[in-house]
1. Being in contact (Cβ under 8 Å) with a residue 12 or more places away in the chain, on the phi > 0 side of the Ramachandran plot and assigned to a loop (DSSP other than H, G, I, E, B) is the requirement here; does N60 meet it?
2. Within the range 24-45, is there a residue that is of a type in the set (S, T, N, Q), surrounded by 11 or more Cβ atoms within 10 Å (Cβ to Cβ), touching a helix residue (DSSP H, G or I) at 6+ places or on another chain (Cβ under 6 Å) and in contact (Cβ under 8 Å) with a residue 12 or more places away in the chain?
3. Out of everything in the range 1-19 that is of a type outside the set (D, E, K, R) and free of Cβ contacts under 8 Å to residues at least 12 places away in the same chain, what residue ends up being surrounded by the fewest Cβ atoms within 10 Å (Cβ to Cβ)?
4. Being within 21 Å of I79 (Cβ to Cβ) and in contact with a strand residue (DSSP E or B) (Cβ under 6 Å, 6 or more places away or on another chain): is that true of T2 here?
5. So is D28 modelled with pLDDT of 95 or more and not aromatic (F, W, Y) or not?
6. Kindly indicate whether any position in the range 5-12 is touching a helix residue (DSSP H, G or I) at 6+ places or on another chain (Cβ under 8 Å) and in a loop (DSSP other than H, G, I, E, B).
7. Regarding I47, is this residue among the aliphatic types (A, V, I, L, M) and either more than 25 Å from E75 (Cβ to Cβ) or part of a helix (DSSP H, G or I) (or both)?
8. How about the range 47-69: which of its residues are loosely packed, with under 10 Cβ neighbours inside 10 Å and closer than 15 Å to A8 by Cβ?
Amino acid sequence: MTINDAVANRITKLLKIKNITQYRLEQDSGIIHGAMDRIMTGQNKTITLTTLYKLARGFNMTIFEFLDDDIFRSEDIEID
C-alpha cells in the first residue's frame, strides 16, 4: 500500500464519519476535483504535506488528527 492509498482510505473513512460528500471536501479544502480524483483512484503515488494540510483543514481538523489512524501505523506502507 502506498502513502497515497492510506490517505485515500482515511479520506473515505472520514467522509462517512463526518457525513460529507467528496464535493464538499473539495470545496472546503481547496483541492480541485482532478487532484482529488487522482488521490481517490490511486493515480497518485505520493502526496505532499501541503495537500495533507488542505485535507485536514477541509475536515476541520489538525493534520495530527488526520494522521491519527491505524492505517498510518501499518508496516505495509511503501515509502520508497
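The values are calculated or read from the model by the stated rules, or taken from the named source; none is laboratory data. This structure is a prediction, so every number in the text was calculated from the model and none was measured. Glycine gets a Cβ as well: all are built from the backbone with ideal geometry, and neighbour counts include every protein chain shown.
1. Values: in contact (Cβ under 8 Å) with a residue 12 or more places away in the chain: yes; on the phi > 0 side of the Ramachandran plot: yes; assigned to a loop (DSSP other than H, G, I, E, B): yes.
So N60 passes the test.
2. yes
3. The residue in question is N19.
4. Considered against the rule, which asks whether it is within 21 Å of I79 (Cβ to Cβ) and in contact with a strand residue (DSSP E or B) (Cβ under 6 Å, 6 or more places away or on another chain), T2 comes out as yes.
5. The answer is yes for D28.
6. Scanning the range 5-12, I find no residue that is touching a helix residue (DSSP H, G or I) at 6+ places or on another chain (Cβ under 8 Å) and in a loop (DSSP other than H, G, I, E, B), so the answer is no.
7. On the way: among the aliphatic types (A, V, I, L, M): yes; either more than 25 Å from E75 (Cβ to Cβ) or part of a helix (DSSP H, G or I) (or both): no.
Judged against the criteria, I47 is not a match.
8. Scanning the range 47-69 gives a single hit, T48.
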